[in-house]
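J.: Okay, handing you the structure first.
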Number of protein chains: 2
Amino acid sequence: MTQETPHPLDPATPRELAAAVDLIRKSCSGVDVQFKAAGLKEPSKEALLPFLRAERSSMPYNAPPRLIYVMFLYRHTPRLFDAVVDVTNGKILEVEEQPRGNHAPADRIEMNEVAATCLKSPLVQKELKRLGLDADVVVMDPWIYGRDDDVEDRRLAQVFFYIRNPKKSDDFDSNHYAFPLDFMAVTDMVEMRVEEIGRIPLGATSVTGKDEAPLNVGQPVEAEYAHHLQSQPARTTVKPLQVVQPQGASFTVAGSLVEWEKWRFRVGFNYREGMTIHDVTFDGREVFYRLSMSEMFVPYGDPRNPLHRKAAFDLGDVGAGSTANNLGLGCDCLGLIKYFDGAVIDQHGTVVPKPNAICMHEIDAGIQWKHTNHRTGKASVVRKRQLQLQTIITVANYEYIFYWTFDQAGEVEFETRATGILSTTPIDPRCDEEVPFATRVGDGVLAPYHQHIFCLRIDPCIDGDGNTVEVVDSVPMIADPVLNPYGTGYVTESRKIKTSGSEETDPLKARIFKIINPKKMNRVSKTPVGYKLMPISSQKLLAAPDSWHAKRAEFAHAPLWVTRHRDDELFPAGRYTNQSRGGTGIKSWVDRRDSVENQDLVLWHTYTFTHNPRTEDFPVMPAESVRIALKPINFFEYNPALDVPESTQASNKSVLYQAANGCCRGDSP
Amino acid sequence: MTQETPHPLDPATPRELAAAVDLIRKSCSGVDVQFKAAGLKEPSKEALLPFLRAERSSMPYNAPPRLIYVMFLYRHTPRLFDAVVDVTNGKILEVEEQPRGNHAPADRIEMNEVAATCLKSPLVQKELKRLGLDADVVVMDPWIYGRDDDVEDRRLAQVFFYIRNPKKSDDFDSNHYAFPLDFMAVTDMVEMRVEEIGRIPLGATSVTGKDEAPLNVGQPVEAEYAHHLQSQPARTTVKPLQVVQPQGASFTVAGSLVEWEKWRFRVGFNYREGMTIHDVTFDGREVFYRLSMSEMFVPYGDPRNPLHRKAAFDLGDVGAGSTANNLGLGCDCLGLIKYFDGAVIDQHGTVVPKPNAICMHEIDAGIQWKHTNHRTGKASVVRKRQLQLQTIITVANYEYIFYWTFDQAGEVEFETRATGILSTTPIDPRCDEEVPFATRVGDGVLAPYHQHIFCLRIDPCIDGDGNTVEVVDSVPMIADPVLNPYGTGYVTESRKIKTSGSEETDPLKARIFKIINPKKMNRVSKTPVGYKLMPISSQKLLAAPDSWHAKRAEFAHAPLWVTRHRDDELFPAGRYTNQSRGGTGIKSWVDRRDSVENQDLVLWHTYTFTHNPRTEDFPVMPAESVRIALKPINFFEYNPALDVPESTQASNKSVLYQAANGCCRGDSP
């Protein structure tokens, strides 16, 4: 391959995206095309895996052609198309018009048009007049419409209204979420027309906004998050803390290829999933074929019309790549930083670079292992160096931070953080009633309970092809006068998952999900090699089983799913989630009842933040965090971090806080 | 107070310990005293709290006298005493002889005597002769005896035998756990005499060691953890990573008093609990009176006699303070480090300084909060600076690392890591049978399953006196055509804990335990101020309910307990755990059915590592970790980390990995 030829797993390049857009545009001559998304269509596993294996062994093997998927509408019509373009050979491979029920994700330009449409609408102007407000202080949050019946098929948006801080209304960064208005608008995005106004209830228990007292905009104690707008000065007590690597990084990067401490993998990026991780090996042994955050669902618990529809599939309805932040050196990332860039397109087909969409750096995470031999006093201690990849996405009010972390002990961790701003709704400041589904986070500001339901897709390749998932529980040994005479014994019970389906977590049994390669035995343990998923046990979807939320978010029904691998099954709520009806997600895949024993399988882990807001979460939320671990279990013959060099002051150059007072090592008896 | 007068919460000083020992020794003239433990007897809450409050307000208030508890035996007798010495006034306040069933913890000198006794014993020599081994290659692990019947009241130890690595037998740091022998000895510690030899089974399913094939010592792939003994060289790929604070630390320390980012607390230390945290306030408001790791229980799942008794209360039987490591600058601690020292006594009454028993430093934990206003492109981002206190203890084969972490957002986290070496037992290398209660971790080396059951004691003082614990669940809203017409609503359900008792975790309900001050209302949320415990949902004790393990480890029966505060109730398995019978722990305290509503209450959180060893855990174990969070819930009126200054490159001075390839901020469109 020449330097210019991307690797089959490299994200779509700006040149490739432009070429694909160009071919589509030419094929639609005379039509005003509204582009929705474009990115790399990854090669099939059948084509890619032999290539990757040959590549890792430095053997020749033809790279599959570079394919770009493109999603587009005929503007001002509901006609939606999916296309695949071969940019290596400059031809469109397929174009498929979608059934009318499939709705494209939102895009920023379109949402801005929706907002402008609202402001011009007489229906909205009437509401503003009722409230005595000028249009130029209004800020809108256009939302995905969701679904609440079986018939609606217009392409709609729902728009929530706020005003800028009355005290700081000339600053466009004032926090409008502290000043919610009591109405919303439903807008047709094909016709670009406000269809309907909804009034938002102002009382704690009122179920409609009709005949309510007039809106009283409250005066939150601290409405602003932007530092220049806060009423308090920033604290001055935090002294700088810097991470220095005087000899450079321990990793090497070549294009999308990363090598670090026996790990080798590729970093991918696309509009929908954002950061993806591919072809992960440790010390030359295959571990994972592909790792990705595959979907998110954020349903709100405020049952009141018109708030009951508030629910978004943040990946399928918007996209983690298209909302990825440009990560700032020394701001979002501390230390010696490698950035990876991405690229997406906007609705005009223009390539939008996503610089610094992913950052990568090393961190020190405390102690990796230690033992002191009390007989000799000799301590052996090794610090826990990790390699962390970070991406941050902004989906309207919320920020999500995703970290993939690789460890010297062969462990991989996926951390999810949620921060940003609560999506708020008004409440009459004079009302003192308890609100069972929301928290007052500011004077006149109600933050409804909601869930963030994530689904992590794990496509394993544990020591090669043909894996099996085992459900392993720790259980008491049966009482037995010979085998367990004192009732102290306990054992593990394993059950192989033979056909595709879902499983429950069970922390009371210390349940793990072990992915083994039944053909590869560990000669020390005399058991098959494996990796274990240490799942998060969390709440499922709280919406009723017959609700539209439940029908649409199939992956939210169980914390763990195992499917037989198919190339086109990446998105567990279906490819088209916007205004979806369900039925195209993971449930139908497991219902095939495929054999998943000693097969090419995919493990999906659903986990949830049930987020019942606190006052502390406003006006901006301290990050909440959960971590999922994937750890070797009898994969290696011994601790793979054993050869990490001893932690020494010579290399770590730490400093005593107060030499006069402290007792430094060596001084003590 | 003068400089020399310790604060009432300062750990016992060497001078105070020596004074207390001296007084006890004088009072026992003619008796050979075997000291067991000594340390600060903290003042009663009744005496201390007014002092602390006055101190915080700079008001005068008399400090209570300094009391030292002392535990001692009459050597070579079973007679055990508990004493309290007033070292301020130089007098013994009380001495109480313990009933014969109360056994003192082990001490290192005594355990070394036990080992020496074993080597001299003809019973042991006979076993060594059977195995053809010289005594000088033998290494012993003397263990707490535990209990397996109702009658045994001799003070006993059980001793497990190993040899040094036959290939490196001249090195006293060679890892004997890779070479377990097939017998153990029960030793009387009063008589210092081996009483009995037990043979350890060598087969996977054999239940006794009798009539077994002769021991074949295996050849583990990698037996050694000490770097100079490993067969492989240390890797050379890890480049230095340093944490630099050019302007110094953000914290200040005066004696045991720490102030950092609105937090203020004192650091305590004693032989049993090790690190303790006291009088915690945030921005002048009381949060916690006392925080401590209160007990640990480590029962093994190998049911075979004589291994069925393997189970230790690592705090009550040994002590987290007496086993605390001397933490090395740049080894155990990275960055700008403040050390706290402790002091304990040995069995001769000699003061043993514990220098650097606790280290404290700041860490950067990624993003604290962020929001990007997509309308203006303006991002506000704040990094998550934390203050971390670390202590590491070595309990024979295992290391435990405890971290208390304070956060700018008013959050407190307690992290537990387990590392060190597995306690092993032999298995015939030729045997291929499955072992349901253990893992082969080396040739001839079996690592039995076991649990580490911890109990964190939380003595809250949420915004002052009189707290209540609420159990809060997130539950679906009842279907209702008016109130929940689309089935999307959900609410929280709260239940106050009115009387002392235990509770279950329930992650499927996103259950939290909220400690509120019912008298203090948050004017924003219009609810009482509180802190929430975000518990770890983990496995309970796996041993049978009628087992001695279950009787003795009362706290292991439930993940959460609430008791009414009593000064002398610090240890949930009882003050004397060694060879205990149970009945003196938390169960009897909750059985009082005290009112705990709007009271001085204590919350206890039990959590477990069910540790089924992996080959990766040998010859030394990569640290396993769990974290418990205590977070404000409507305690503050808004995000307490709001005023943390913006994260900037000017202060963080990060570096691009590869300027030629990367795209730095500002360059991008």
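The values are calculated or read from the model by the stated rules, or taken from the named source; none is laboratory data. Fair warning: this is a prediction, and the values are worked out from it, not measured in the lab. FYI the Cβ positions are ideal-geometry reconstructions off the backbone, even for glycines, and counts take in every protein chain you see. Note: accessible area is taken over every heavy atom of the protein model, side chains too, but ligands, DNA and RNA are not part of it. Shrake-Rupley method; radii C 1.70, N 1.55, O 1.52, S 1.80 Å.
J.: Give the distance, in whole Å, between the Cα centre of the stretch A:1-46 and the Cα centre of the stretch A:480-502.
T.: What the calculation gives is 52 Å, centre to centre.
J.: Rank by packing, highest mean first: peptides B:306-312, B:399-405, with packing defined as the count of other Cβ atoms within 10 Å averaged across residues.
T.: Highest to lowest by the protection proxy: B:306-312, B:399-405.
J.: Near residue A:262, which lysines are there with a Cα under 27 Å away, not counting those fewer than 8 places off in the same chain?
T.: Of all the lysines, those that pass the test against residue A:262 - Cα under 27 Å, at least 8 places apart if same chain - are A:45, A:338, A:370, A:384, A:514, A:519, A:520, A:526, A:532, A:631, A:653, B:239.
J.: Could you work out, residue by residue across A:517-523, how many beta carbons of other chains sit within 10 Å of that residue's beta carbon, and then give the average as an integer?
T.: Mean inter-chain Cβ contacts per residue within 10 Å come to 1.
J.: How far apart, in nm, are two points set 7 Å out from the Cα along the Cα-to-Cβ line at residue A:150 and at residue B:31?
T.: Each label point lies 7 Å from its Cα, and together they span 8.6 nm.
J.: Where the Cα atoms of the stretch B:108-199 are projected onto their three principal axes, how long is each span, largest first, in whole Å?
T.: 44, 27, 21
J.: Would you work out the Kirkwood radius for the stretch B:385-522? I mean one over the mean of 1/r across all pairs of different Cα atoms, in Å.
T.: 20.3
J.: Quickly estimate the mean residue ellipticity at 222 nm for chain B, helices only: each DSSP H run with n ≥ 4 gives -39500 (n - 2.57), and the total goes over all residues, rounded to 500.
T.: -2500 deg cm²/dmol
J.: Here's something else I'd like to know. For the protein assembly as shown, what's the radius of gyration and Dmax over Cα atoms, in angstrom?
T.: Looking at the protein assembly as shown, its Cα Rg and Dmax stand at 32.0, 110 Å.
J.: Another one. Percent relative contact order of chain B, based on C-alpha pairs within less than 8 angstrom and at least six residues apart?
T.: Relative contact order for chain B comes out at 13 percent.
J.: Next question, about the same structure. With every protein chain left in place, what is the accessible area per residue of the stretch A:14-98 in square angstrom, probe 1.4 Å?
T.: 48
J.: Among A:71, A:44, A:21, which residue has its Cα positioned farthest towards the positive end of the charge dipole of the stretch A:14-98, with +1 placed on the Cβ of Lys and Arg, -1 on the Cβ of Asp and Glu, and the dipole taken about the Cα centre?
T.: A:21
J.: If you place +1 on the Cβ of every Lys and Arg, -1 on the Cβ of every Asp and Glu, and leave all else neutral, what size is the dipole of chain A about its Cα centre, to the nearest 20 Debye?
T.: Charge dipole, chain A, about its Cα centre: 1440 debye, nearest 20.
J.: For A:626-634, what's the mean count of beta carbons from other chains sitting within 10 Å of each residue's beta carbon?
T.: Averaged over the peptide's residues, the number is 3.
J.: Over the Cα atoms of the stretch A:357-401, what radius of gyration and what Dmax do you get, in Å?
T.: Over the stretch A:357-401's Cα set, Rg and Dmax evaluate to 18.4, 60 Å.
J.: Let me ask something else about it. State the dimensionless ratio Rg/Rh of chain B (Rg: radius of gyration of Cα atoms; Rh: Kirkwood radius).
T.: Computed over Cα atoms, the ratio is 0.99.
J.: Put a label point 7 Å from Cα along the Cβ direction on residue A:353, then list its distances to the equivalent points in the other copies in nm, shortest first.
T.: 5.9
J.: Quantify, in whole percent, the carbon and sulfur part of the accessible surface of chain A (1.4 Å probe; protein heavy atoms only).
T.: Carbon plus sulfur share of accessible area: 51 percent.
J.: Placing unit charges on C-beta atoms (Lys and Arg positive, Asp and Glu negative, everything else neutral), compute the dipole magnitude of the protein assembly as shown about its Cα centre in debye, rounded to 20.
T.: 640
J.: I've got another one for you. Leaving out ligands, DNA and RNA but keeping every protein chain, what accessible area does residue B:346 have, in Å² rounded to the nearest 10, with a 1.4 Å probe?
T.: For residue B:346, the solvent-accessible surface is approximately 40 Å².
J.: Determine the distance separating the Cα centre of the stretch B:411-456 from the Cα centre of the stretch A:175-229; give it in Å without decimals.
T.: 57
J.: Among A:40-49, B:612-621, A:507-516, how do they line up by average Cβ neighbours within 10 Å per residue, starting with the highest?
T.: B:612-621, A:507-516, A:40-49
J.: Keeping all protein chains in place and using 1.4 angstrom, which order do A:439, A:236, B:88, A:5 fall into by accessible surface area, from largest down?
T.: The ordering from most to least exposed comes out as A:236, B:88, A:5, A:439.
J.: Distances from residue A:496 to the same residue in each other copy, label points 7 Å out along Cα→Cβ, in nm, shortest first?
T.: 5.6
J.: Enter the accessible area per residue of the stretch B:108-199 (Å², integer; probe 1.4 Å; all protein chains in place).
T.: Per residue, the stretch B:108-199 has an accessible area of 40 Å².
J.: If you find the alpha carbon centre of the stretch A:53-99 and of the stretch B:243-314, how far apart are they in angstrom?
T.: 56
J.: Assume the label is 7 Å from Cα along Cα to beta carbon: what separations in nm does residue A:283 have to the matching positions in the other copies?
T.: 5.1
J.: Taking each residue in A:227-233, count the Cβ atoms of any other chain within 10 Å of its Cβ, then average. What number comes out?
T.: Mean inter-chain Cβ contacts per residue within 10 Å come to 3.
J.: Right, another one. Could you order A:263, A:548 by accessible surface area, starting with the largest, using a probe radius of 1.4 Å?
T.: Output order, biggest surface exposure first: A:548, A:263.
J.: Placing unit charges on C-beta atoms (Lys and Arg positive, Asp and Glu negative, everything else neutral), compute the dipole magnitude of the stretch B:543-669 about its Cα centre in debye, rounded to 20.
T.: Dipole magnitude for the stretch B:543-669 comes out near 380 debye.
J.: For the stretch A:108-199, what does the relative contact order come out to in percent, with C-alpha contacts under 8 Å and a separation of six or more?
T.: The normalised contact order for the stretch A:108-199 reaches 29 percent.
J.: Buried accessible area between A and B (1.4 Å probe, both chains summed, ligands and nucleic acids excluded), in Å² to the nearest 100?
T.: 16400
J.: Continuing with the same structure: Which whole-number percent gives the relative contact order of the stretch A:14-98, counting Cα pairs below 8 Å spaced six or more residues apart?
T.: 30
J.: Rounded to two decimal places and with Rh computed the Kirkwood way over Cα pairs, what is Rg over Rh for the stretch A:14-98?
T.: Using Cα coordinates only, the ratio equals 1.09.
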